[in-house]
Every structure is written in structure tokens, then in C-alpha cells.
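See below for the structure under consideration.
The values are calculated or read from the model by the stated rules, or taken from the named source; none is laboratory data. Since the structure is predicted, the reported quantities are computational estimates derived from the model, not experimental observations. No Cβ is skipped: glycine too gets one built from the backbone with ideal geometry, and neighbour counts run over all protein chains shown.
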Amino acid sequence: MRLDAGVARLEAAGPGAFLTADDQDAACARYADVHASMIGAFPNAMSPSAYRAALETTRDPKHQRIFACWMPGDDDL
């Protein structure tokens, strides 16, 4: 999923709420899968554990929702 499509989907889901624990887990699993398959192309991509920590500790629901769409190699944030 492209970043803009992911953001549009999250915006359609509703305003201002933080992601649920299940949504966070799904985003982290998706990131880990992509990271494992693309680490050769993007060796400087953040690790899945760093991604999870960033997703769980952000203080703004809008930032969290955008970050949940981000994948290794997305440099347009």
C-alpha cells in the first residue's frame, strides 16, 4: 500500500483517536515483514523494534496514524 493510500484509509476511519493495540500490532507485523524482505535495498531502515517503540510512544494520534502507514524505503514523510 502506498503511503498516501494508507493515510487516506486511516483518515476515513475517524478523527483523533489513537490506534488500538490490535492496530498497532498489525502495523508492527506489516513493518517487520516488509523490513525482512527489503533490508538489502534499505540497509539503514529502522529496526522493527525501534519502529514499535516509536509507534507506541508517540503523543499525537495523527502522527501515530501516519507513522502506522510508513514502511522501509518511504522517504516522503
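Quick one: which residue in 68, 27, 32 is within 11 Å of the chain's Cα centre (by Cα), at pLDDT below 85 and in a helix (DSSP H, G or I)? Just one listed residue meets the conditions, 68. Residues in region 20-54 that are farther than 19 Å from residue 5 by Cα and either touching a Ser or Thr at 6+ places or on another chain (Cβ under 7 Å) or buried (at least 17 other Cβ atoms within 10 Å of the Cβ) (or both): 35, 45, 48, 51, 52. Scanning region 35-64 for residues that are closer than 22 Å to residue 9 by Cα, among the hydroxyl-bearing types (Ser, Thr, Tyr) and outside any helix (DSSP H, G or I) returns a single hit, 58. Using the structure shown, decide if residue 17 is modelled with pLDDT of 80 or more and not in a helix (DSSP H, G or I). So residue 17 does not fit the description; no.
Restricting attention to region 55-65, the residues that are surrounded by 11 or more Cβ atoms within 10 Å (Cβ to Cβ) and either more than 12 Å from residue 19 (Cα to Cα) or at pLDDT 85 or above (or both) total 7. Checking each residue in region 14-58 for being under 15 Å from residue 68 (Cβ atoms) and either in contact with a Cys (Cβ under 7 Å, 6 or more places away or on another chain) or of a type in the set (S, T, N, Q) (or both) picks out 20, 24, 48, 51, 52, 55, 57, 58.
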